[in-house]
Amino acid sequence: MTSTDMRDEEARAILQRNDKGAYTIPTSGLYPYQWNWDSAFAAIGFAEFDLDRAWRELETLMSGQWENGMVPHILFHVPDDGYFPNHDVWQGTGPIPSSGISQPPVAATMARMVLAKDPDFGAARMAGIYDGLVRWHRWFIDWRLDRGAVCITHPWEAGRDNAPDWDAAMAAITPEGVGEYTRRDTTHVDGSMRPTKYDYDRYIWLVQRGARLGWNEAALLEDTPFRVADPTMTFTLLRATRDLAALGRDMGRDVTELEQWIATLEAGAQTLWNPDIGCFDGRDAVGGTWANAVTNASFLCWYAGIDHPDMRTRLDEVMAQAKYGVPSLTLTDPRFDGKRYWRGPVWGVMNMMIGTGLTEMGLPQGEVVRQTTADLIADHGFAEYFDPRDGTPAGGSSFTWTAAIWLGWAHKTEGA
């Protein structure tokens, strides 16, 4: 058995170990529920050996959709009083106990990838979730746009919790009345690898504000201190809407509305261009300032179908500094921390989206990103994230989405 075969077996075992029957947890202990974009990536891993299970993952995710179209970032299928903030704190209003915010909408893209494995087998399953995906995308268009770019209302919504993109907006929050709480993440993982208490106080303040307002989107927009136009959300929604439109055309649906959204998002993406650093960047929609950060989210532009010659230059600069793919913050940034969550570590799923976009654009860096990600996992295992300088594993271990992207993307040769 080759080392690749052994990694394949280990990856399948991780998915099966984290499988709760109809949904997958990211990893045992640290994340005991169904997380939105983690779950979508899990589906492409399952699709390599169990297509029925892959579709069930996506169907379970969509079963938590709210009446307004939002699909929550956490579904609390089984209560766990040891986790904070739990469903009692969030006070979500959907059909399943949940959080009150969403996450990067990669599900339509992953569903299209799963469908491609066996179009005949998946046709009815895709049709079953299609309308819900359209409603979710419409919710983003209705409630999250600023000049056509997609905003987040909480750092957790972007999936990049402590990225420097939110620093200015976080500084504008005075987290009064948060009270005492016990974090679960730092009981499972070294605190030096996680967001700080400064960050967490503000995370909880935003959750409490949302719960107090009943997660009413119109009310949440009034006098909000936190609304940041985000490359992650903008590029993933643009890509997913392109995929949803392609799926709709194949199904004989009217995709006029989706095509209008694509045009809006393409224009919105350009409002994220920061000329001072020659890069797509986070933009504080309240304070009006740039993050001035070259992050892995910046390089999702190709995944969204947008090319820019300066981005190619930035990418070459960043990849020359890091051994493994694209770090969450460029190593020359004074805010860089190689092991603290989204302030430096490299993430397999972000590498996958970046590498996929580059390859689709015909750019050779796509294969370099894929190969370095394969080397990273082969050499250092299935951690949540890694130090980009030497591959040191960090965060949670036996991680679902790292196993999934190994199976569905990283270990495959180009064109396979």
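The values are calculated or read from the model by the stated rules, or taken from the named source; none is laboratory data. As the structure is a computational prediction, the values presented were derived from the model and not from experiment. Neighbour counts run over all protein chains shown; Cβ positions are idealised from the backbone, glycine included. Note: accessible area is taken over every heavy atom of the protein model, side chains too, but ligands, DNA and RNA are not part of it. Shrake-Rupley method; radii C 1.70, N 1.55, O 1.52, S 1.80 Å.
Here are a few things to note about the model shown:
- Only residues that are under 16 Å from the mean Cα position of the chain (by Cα) and in contact (Cβ under 8 Å) with a residue 60 or more places away in the chain were counted across the range 46-61, and they come to 1.
- The residues on offer are Arg202, Arg227, and the sole one that is in contact with a helix residue (DSSP H, G or I) (Cβ under 6 Å, 6 or more places away or on another chain), closer than 30 Å to Gly179 by Cβ and not hydrophobic (A, V, I, L, M, F, W, C) is Arg202.
- Qualifying residue in the range 123-138 (condition: open to solvent by less than 10 Å² (accessible area, probe 1.4 Å) and part of a loop (DSSP other than H, G, I, E, B)): no
- Which numbered condition Leu331 misses (of (1) under 30 Å from Arg138 (Cβ atoms); (2) surrounded by fewer than 17 Cβ atoms within 10 Å (Cβ to Cβ)): (1)
- Residue match in the range 98-118 (condition: over 24 Å from Thr236 (Cβ atoms) and touching a residue at least 24 places away in the same chain (Cβ under 8 Å)): yes
- Members of the range 305-328 that are open to solvent by less than 20 Å² (accessible area, probe 1.4 Å), more than 23 Å from Pro393 (Cβ to Cβ) and not in a loop (DSSP other than H, G, I, E, B): Met311, Leu315
- Residue that is surrounded by the most Cβ atoms within 10 Å (Cβ to Cβ) [pool: residues in the range 12-23 that are of a type outside the set (D, E, K, R) and touching a residue at least 12 places away in the same chain (Cβ under 8 Å)]: Ile14
- Looking across the range 90-111 at every residue that is over 17 Å from the mean Cα position of the chain (by Cα) and of a type outside the set (S, T, N, Q), the one that is nearest to Tyr181 (Cα to Cα) is identified as Trp90.
- Restricting Glu9, Glu48, Glu67 to residues that are assigned to a helix (DSSP H, G or I), open to solvent by 50 Å² or more (accessible area, probe 1.4 Å) and either of a type in the set (D, E, K, R) or closer than 19 Å to Asp243 by Cα (or both) narrows the list to Glu9.
- The sole residue among Pro95, Pro79, Pro72, Pro85 that is outside any helix (DSSP H, G or I), on the phi < 0 side of the Ramachandran plot and buried (at least 22 other Cβ atoms within 10 Å of the Cβ) is Pro72.
- Long-range neighbours under 8 Å by Cβ, at least six apart or interchain, first residue over 18 Å from Val368 (Cα atoms) and in contact (Cβ under 8 Å) with a residue 24 or more places away in the chain within the range 304-321, second open to solvent by less than 60 Å² (accessible area, probe 1.4 Å) and among the hydroxyl-bearing types (Ser, Thr, Tyr): Ala304/Thr234; Ala304/Thr236
- The range 12-24, residues that are touching a strand residue (DSSP E or B) at 6+ places or on another chain (Cβ under 6 Å) and either more than 15 Å from Pro72 (Cβ to Cβ) or of a type in the set (Gly, Ala, Ser) (or both): Asn18
- Exactly one residue out of Leu272, Leu247 is more than 14 Å from Arg112 (Cα to Cα) and among the aliphatic types (A, V, I, L, M): that is Leu272.
- Residue within the range 104-118 that is open to solvent by less than 10 Å² (accessible area, probe 1.4 Å) and polar (S, T, N, Q) present: yes
- All positions within the range 139-158 that are assigned to a helix (DSSP H, G or I) and among the small types (Gly, Ala, Ser): Ala158
- Subset of the range 250-269 (residues that are within 21 Å of the chain's Cα centre (by Cα) and free of Cβ contacts under 8 Å to residues at least 40 places away in the same chain): Ile262
- Of everything in the range 376-387 that is open to solvent by less than 20 Å² (accessible area, probe 1.4 Å) and among the charged types (D, E, K, R), the residue that is farthest from the chain's Cα centre (by Cα) is Asp387.
- Out of Leu15, Leu75, Leu61, Leu51, one residue alone is within 26 Å of Gly179 (Cα to Cα) and of a type outside the set (Phe, Trp, Tyr). It is Leu75.
- Those residues of the range 353-387 which are touching a Gly at 6+ places or on another chain (Cβ under 7 Å), more than 22 Å from Pro105 (Cβ to Cβ) and acidic (Asp, Glu), in sequence order: Asp379, Asp387
- In the set (1) crowded, with 20+ Cβ neighbours inside 10 Å; (2) in contact with a Gly (Cβ under 9 Å, 6 or more places away or on another chain), the condition left unmet by Asp390 is number (1).
- Single residue of Thr373, Thr359 found to be assigned to a helix (DSSP H, G or I) and open to solvent by 20 Å² or more (accessible area, probe 1.4 Å): Thr359
- Single condition Val228 does not satisfy, out of (1) farther than 25 Å from Asn292 by Cα; (2) touching a Gly at 6+ places or on another chain (Cβ under 6 Å): (1)
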